[in-house]
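What follows is one structure encoded as structure tokens, with my remarks underneath.
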Amino acid sequence: MLGEGILKGLAETAKNFAGSYVSKERLTTVQYPEERAEHIEASRVFPFLVYDGPDAFAGMRCVSCQICEKECPPKCIYIEKSKDKKPDYVGKPQNYPVRFDIDISVCMSCQICVEVCPFDAIKMDSVFEMATDNRFGGLLLDREKLLKSNEYYHSIHPTEATEVDGRLAEEKAKVEAKAKAAAEAAAAKAAAEAAAPKTAAPAAAPAAKPDAPKPTGGAE
Amino acid sequence: MTLSAAEFGARQHAGGKALPEGRMVIDPESGGDLLEVSMGPHHPSTHGVFRMDVALDGERIVRLKPVFGYLHRNHEKLGEEHSYLASMPYTDRLDYICSLTNNWAYALAVEKLVGQEVPERAEYLRLIVGELTRMQNHILSVGFLIQDMGASGTPLMYGFREREKILDLFEALTGSRMMCNYMRFGGCRVDATPEWLDGVRKVVAGMPAFADEFERLLCTNEILMARTQGVGVLRPELAVSAGVTGPALRASGVNYDIRKVDRYGIYDRFDFKVPLGEHGDVYDRFMIRLLELRQSIRILEQALKDVPGGPVMDPKAKIRNFRPKPGEAYGRIEAPKGELGFYLISDGTGNPYRYRVRPPSFVNLTVLEDMCLGYSVADVVLILGSIDIVLGEVDR
Ligand code: SF4
Ligand code: SF4
């Protein structure tokens, strides 16, 4: 019969129409901004810089190695390396970025900077409501805007952040154990050379000393 | 602008194109004027920024010239300027509907270049995301085809509803819905959790019901059949000689599927069929996609039964300072739209010396004129939709 196919199709749409009143499965539209879709842990938007502890500057993980700047495909990261150094999370003096800009009008959210960073300093954010009426300054994120705390990182990517913390704590413990061993060796040496107390003490890694008693701290 | 029939007719005859029976041949002697119409570049049904210069005799197409390049982003040259890894996110933007299969083809080419092996689990994940990509591409292309026909909304929205579930899975795994940037040379970037695999199982389990629904909705619809059957016929000889691949080729009855021919990845472990068309018309191309959807479900059902454990990345694979030895490689896969290939020449530095993409939509588009000659303007829109092109890939 001519028109049978059309009727069959109409029956299908009728079913869907009626179904949308009873089955939640069929109501897929999320009424943004009143409603929001559930946050997906892996989702990524633009990168941000992680810092540990309460102070953004002191806890900044980035050591300004500029690997991300070099690997970023559209070249939207601009870093200016500091002349002086500040201690990083294990206490080793490192450079830090005096300027760290990401031009998010160019950034394509590819996550390559995150992958190549050897210091777990840069991670992907999940904030997407970044509309601005200033297409130049408004879309150029500087260091202050980029720095976000480790707690924030935990709140958006809990699994990944815990993993990173574990890795960092492990590394820190390793460095500390090494420093402790070195300190002990130096102390032994100093004791051995007690007869002739000369220049042994100042050379023996003094920076790591205060942290030495707690080898597995770090994971918050 | 009007042009004389004689001018175009003569050109048509000189080209020696044999038109199938039933199509109108313009007689250059008959006189009369032709109307030249520019369709696009912003016509809503042109799937991106694409223009067709058509010459019409009444309603009939006498000549059609595709004009593209509006979306040219210098992809290949950029590939030569960038490191191997940095091109990976750019491949997402070729055929932006199917970023994961683009990743796969590129990763395959580089792996061939350096002789890199891929761990078992990564192969499974690649296959799973690849087939999910094929499913959502076919759902979408059918939806858009029907939309082009004038059924605005309903079938396309049903398609979008299903595709949304797949995109959610992509986001949960890769972090992005469309620009996934997931595969690496020697594996995949992140591992899938058991919950994610359960999510895939759930979506795949719901797919046959959707395929049934879609088929009931569309396949026997009289209007659809009248509009698509016998329209835009692509003869198999022409398809083969023009290098057409993918569903468009198989709809013309040529049995050529790179998953079966090359058996790349782990496709040889699964049992699936290659659906073939008979007439090579728009209806066959539409049906092929629905049938391939079912085959993808079948592959996924088998693959999801036992996904092996283990690493997803070869631990020896390098991310930074990746410098292949001098040489060349061509890696290709059966992307949802056809044969997607990457050709790379390495000169031993960190950037490829030559980086070339063989995009399926671009090659499939070359037969557009031959498919359209003699049909009406309204059919052109359908025929274009049935090839399933994405301009990101055509223009690169
Ligand atoms: S973010 Fe990471 S890769 Fe980039 S400069 Fe800082 S430490 Fe280096
Ligand atoms: S996400 Fe990609 S484009 Fe954006 S800053 Fe990082 S590497 Fe550059």
Going through region A:16-50 in order, the residues found to be farther than 19 Å from B:Met157 by Cβ, within 13 Å of chain B (Cβ to nearest Cβ) and either within 14 Å of ligand 1 (Cβ to nearest atom) or of a type in the set (Ser, Thr, Tyr) (or both) are A:Ser43, A:Phe46, A:Pro47
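Out of the residues in region B:183-192 meeting the condition of being assigned to a loop (DSSP other than H, G, I, E, B) and over 16 Å from B:Val307 (Cβ atoms), tell me which one is nearest to the other protein chains (Cβ to nearest Cβ). So that I can check it myself, show each step before the final result.
Restricting attention to region B:183-192, the residues satisfying the condition of being assigned to a loop (DSSP other than H, G, I, E, B) are B:185-186, B:189-192.
In the following step, the residues that additionally are over 16 Å from B:Val307 (Cβ atoms) were identified as B:185-186, B:189.
Values: B:Phe185: 13, B:Gly186: 13, B:Arg189: 7 Å.
Taking the candidates together, the pick is B:Arg189.
Residue-by-condition table, conditions (1) closer than 30 Å to B:Leu94 by Cα; (2) touching a residue at least 60 places away in the same chain (Cβ under 8 Å); (3) not polar (S, T, N, Q):
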{"residue": "A:Cys72", "(1), (2), (3)": "yes, no, yes"}
{"residue": "A:Asp84", "(1), (2), (3)": "no, no, yes"}
{"residue": "A:Arg99", "(1), (2), (3)": "no, no, yes"}
{"residue": "A:Asp103", "(1), (2), (3)": "yes, no, yes"}
{"residue": "A:Phe119", "(1), (2), (3)": "no, no, yes"}
{"residue": "A:Met124", "(1), (2), (3)": "yes, yes, yes"}
{"residue": "A:Gly138", "(1), (2), (3)": "yes, no, yes"}
Can you name the residue in region B:90-138 that is more than 19 Å from B:Asp347 (Cα to Cα), over 23 Å from the mean Cα position of the chain (by Cα) and in a helix (DSSP H, G or I) and, of all such residues, is farthest from the other protein chains (Cβ to nearest Cβ)?
B:Glu120
Take B:Asp53 and tell me if it is more than 14 Å from chain A (Cβ to nearest Cβ) and either more than 18 Å from B:Arg396 (Cβ to Cβ) or not in a loop (DSSP other than H, G, I, E, B) (or both).
yes
Of everything in region A:1-40, what is among the hydroxyl-bearing types (Ser, Thr, Tyr), assigned to a helix (DSSP H, G or I) and surrounded by fewer than 10 Cβ atoms within 10 Å (Cβ to Cβ)? Give them in sequence order.
A:Tyr21
Looking at B:Ile297, B:Ile288 in this structure, which one is part of a helix (DSSP H, G or I) and over 16 Å from the mean Cα position of the chain (by Cα)?
B:Ile297
Checking the conditions here, which among A:Ser149, A:Ser126 is more than 15 Å from ligand 1 (Cβ to nearest atom), within 14 Å of chain B (Cβ to nearest Cβ) and among the small types (Gly, Ala, Ser)?
A:Ser126
Evaluate the following for A:Asp165: is it in a strand (DSSP E or B) and either away from ligand 1 (no atom under 12 Å from the Cβ) or not hydrophobic (A, V, I, L, M, F, W, C) (or both)?
no
Going by the conditions given, is B:Ala109 among the small types (Gly, Ala, Ser) and surrounded by 23 or more Cβ atoms within 10 Å (Cβ to Cβ)?
yes
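I'd like to check something: does region B:307-326 contain any residue that is among the acidic types (Asp, Glu) and out of contact with any Gly (no Cβ under 7 Å at 6 or more places or on another chain)? Please lay out each step first, then the result.
Narrowing region B:307-326 to residues among the acidic types (Asp, Glu): B:314.
When the remaining residues are screened for being out of contact with any Gly (no Cβ under 7 Å at 6 or more places or on another chain), the result is none.
No, region B:307-326 contains no residue that is among the acidic types (Asp, Glu) and out of contact with any Gly (no Cβ under 7 Å at 6 or more places or on another chain).
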Considering only region B:195-219, how many residues are closer than 24 Å to B:Pro119 by Cα and within 13 Å of chain A (Cβ to nearest Cβ)?
3
Answer yes if at least one residue in region A:64-75 is at negative phi, within 12 Å of ligand 1 (Cβ to nearest atom), at pLDDT 80 or above and more than 12 Å from chain B (Cβ to nearest Cβ), and no otherwise.
yes
Pick from region B:168-182, criterion at the interface with another protein chain (Cβ under 8 Å from one of its Cβ atoms) and assigned to a loop (DSSP other than H, G, I, E, B), ranking: surrounded by the fewest Cβ atoms within 10 Å (Cβ to Cβ):
B:Met179
Look through B:Ser87, B:Ser152 and report the one residue that is out of contact with any Gly (no Cβ under 9 Å at 6 or more places or on another chain), of a type in the set (Ser, Thr, Tyr) and within 14 Å of another protein chain (Cβ to nearest Cβ).
B:Ser152
Name, by its number, the condition in (1) surrounded by 20 or more Cβ atoms within 10 Å (Cβ to Cβ); (2) more than 19 Å from B:Val67 (Cβ to Cβ) that does not hold for B:Asp395.
(2)
Of all the residues that make up region A:101-153, how many are touching a Ser or Thr at 6+ places or on another chain (Cβ under 7 Å) and either closer than 18 Å to A:Leu168 by Cα or more than 10 Å from ligand 2 (Cβ to nearest atom) (or both)?
4
Would you say B:Leu197 is crowded, with 19+ Cβ neighbours inside 10 Å, touching a residue at least 40 places away in the same chain (Cβ under 8 Å), part of a helix (DSSP H, G or I) and not acidic (Asp, Glu)?
no
Residue hits (region A:95-117; among the hydrophobic types (A, V, I, L, M, F, W, C), away from every other protein chain (no Cβ under 14 Å) and more than 14 Å from ligand 1 (Cβ to nearest atom)) are A:Ile104
Tell me, please, whether a residue that is surrounded by fewer than 16 Cβ atoms within 10 Å (Cβ to Cβ) and within 14 Å of chain B (Cβ to nearest Cβ) can be found in region A:51-63.
no
Selection from region A:120-129 of residues that are touching a strand residue (DSSP E or B) at 6+ places or on another chain (Cβ under 9 Å) and surrounded by fewer than 18 Cβ atoms within 10 Å (Cβ to Cβ):
A:Val127
For region B:358-369, does any single residue satisfy the condition of being over 30 Å from B:Val54 (Cβ atoms) and buried (at least 24 other Cβ atoms within 10 Å of the Cβ)?
no
For the structure I just gave you, tell me whether B:Asp262 is among the charged types (D, E, K, R) and either touching a strand residue (DSSP E or B) at 6+ places or on another chain (Cβ under 9 Å) or at pLDDT 90 or above (or both).
yes
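The values are calculated or read from the model by the stated rules, or taken from the named source; none is laboratory data. Note that the coordinates shown come from a computational prediction; the quantities given were computed from them, not determined experimentally. Methodologically, a virtual Cβ is constructed for each residue, glycine included, from the backbone with ideal geometry; neighbour enumeration extends over all protein chains shown.
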